[in-house]
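A short worksheet on the structure shown next.
The values are calculated or read from the model by the stated rules, or taken from the named source; none is laboratory data. Just so we're clear, the structure is a prediction, and the values are computed from it rather than from any experiment. So basically every Cβ, Gly included, is an ideal-geometry build from the backbone, and we count neighbours across all protein chains shown. Only protein heavy atoms, including side chains, enter the accessible area calculation; ligands, DNA and RNA are left aside. Shrake-Rupley method; radii C 1.70, N 1.55, O 1.52, S 1.80 Å.
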Amino acid sequence: ATQIGAADKSYTEMAEQVEAHTGGVHLNSEILDDPQNPDQFEAVISVRGKALNHKQAELFRIIGDYLTEPDFNDTERIRTVLLQIQTSFENAIPGSGHLYAARAGAANLSKSAHIREQWSGISLLHLVRKLTAMNDEKIKDEIAKFVKISNFLIYRNKFSCAIIGEQPTFKTTEKSLAKFLERLPDEGPDNGQETFKNEPKPGQFGWATSVPVSYVTRTFKTVPFSHPDSAALLVLAKLLRSGYLHREIREKGGAYGGLASCNIEGGLFSLLSYRDPHILRTLQVYDDAIDWAVSGDFNDEAIKEAQLSVFADLDRPLSPGSRGIHEFANTRQDLTPEKRQQLRQQILNITRAEICTAAERHLAGNSLKVDSIVSSEEMLT
């Protein structure tokens, strides 16, 4: 939406206005997970922009133009944007194949992960390829869907807004915000709430691409932020990466990397390999790694280092704008400072027994898991 024309201005004219008056305008899709239940979530579209204080009115006008008067009539421009998206995805897979593999695997375990994959994974690449291959008549039918989506989404009663800046400027900014909101239709249809009721689909899946190496992932459906074991799983991911996977997958197996990640907001835990010459060997390493974690074959120093690594992620430095955006999402998800501090305290007080128990309960004894591999067709067969 921000790569086309709007308000009777061409894409070039809009781009010039964005460049002249703002530090950028972006529109993205996001999932806000429920910290109590990973099968419940809020799917949102976010629009973000930044500008100097004296340019706030222009910023809101430009955002309003994109949202209320997008120009979907320029088929050539839309085709160009789609080709850019396709190229970007294709170029990203060699560098981030493990993330695409994990996202594709997780899509079989929860509804929120399924939508994330549709919005930013291999499924989106397939859709974009399908669109770019269409002739002008067929692609116009698809473009008509963009108009319907825009008309369905952009309503005043669906907006939640956050302003990040110096407090003395808020009164001026509020006026620009009010003028922007006046441009939006009053009320739209209620999207309602959907709970993921379908059963997860564990199994093994592969995607062929033109790379001479593999990206091998195993993803487990685990527990959400509020669960007592979430702190142990965060520490366990760091222990597995530094204490086992790096040695077995990179040093012995010859892959570029062996990793583990824990997403406690989405209730997912993943083991990953990066640019891996093996597939079956790596899957066996994952089995052995879980046995290693359950046995507690790591010392107190390793636990301490894993705790510090978790805190480095939780408390990493952010710019003022990023801090505000992060806090806005926390507010929407009801992740209060008290809840986040409680998690930090649990991480600080974690014991070896709690880590081993979490490994046994949520990894070793968990049938809700998916192996997903991105590789060449030759290696997959």
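With respect to the conditions (1) touching a helix residue (DSSP H, G or I) at 6+ places or on another chain (Cβ under 8 Å); (2) touching a residue at least 12 places away in the same chain (Cβ under 8 Å); (3) within 25 Å of residue 34 (Cα to Cα), residue 336 falls short on a single one, namely (2). Summed over the range 2-23, residues that are open to solvent by less than 40 Å² (accessible area, probe 1.4 Å) and closer than 22 Å to residue 124 by Cβ total 2. Consider the range 24-33 and keep the residues that are open to solvent by less than 30 Å² (accessible area, probe 1.4 Å) and part of a strand (DSSP E or B). The one that is nearest to residue 120 (Cα to Cα) is 31. Residue 99 satisfies every condition listed in (1) more than 25 Å from residue 127 (Cα to Cα); (2) open to solvent by 30 Å² or more (accessible area, probe 1.4 Å) except (1).
Of all residues in the range 108-147, those that are open to solvent by 20 Å² or more (accessible area, probe 1.4 Å) and in a loop (DSSP other than H, G, I, E, B) total 4. Is it the case, given these coordinates, that residue 266 is on the phi > 0 side of the Ramachandran plot and in contact with a helix residue (DSSP H, G or I) (Cβ under 7 Å, 6 or more places away or on another chain)? No, not satisfied. Of the residues in the range 34-54, at least one is of a type in the set (A, V, I, L, M, F, W, C), at pLDDT 90 or above and assigned to a loop (DSSP other than H, G, I, E, B). Inspect the range 86-95 for any residue being at pLDDT 95 or above and either open to solvent by less than 20 Å² (accessible area, probe 1.4 Å) or outside any helix (DSSP H, G or I) (or both) and give the result as yes or no. Scanning the range 86-95 turns up no residue that is at pLDDT 95 or above and either open to solvent by less than 20 Å² (accessible area, probe 1.4 Å) or outside any helix (DSSP H, G or I) (or both). For the range 148-170, which positions are open to solvent by less than 60 Å² (accessible area, probe 1.4 Å), part of a helix (DSSP H, G or I) and among the β-branched types (Val, Ile, Thr)? Selection gives 169 alone.
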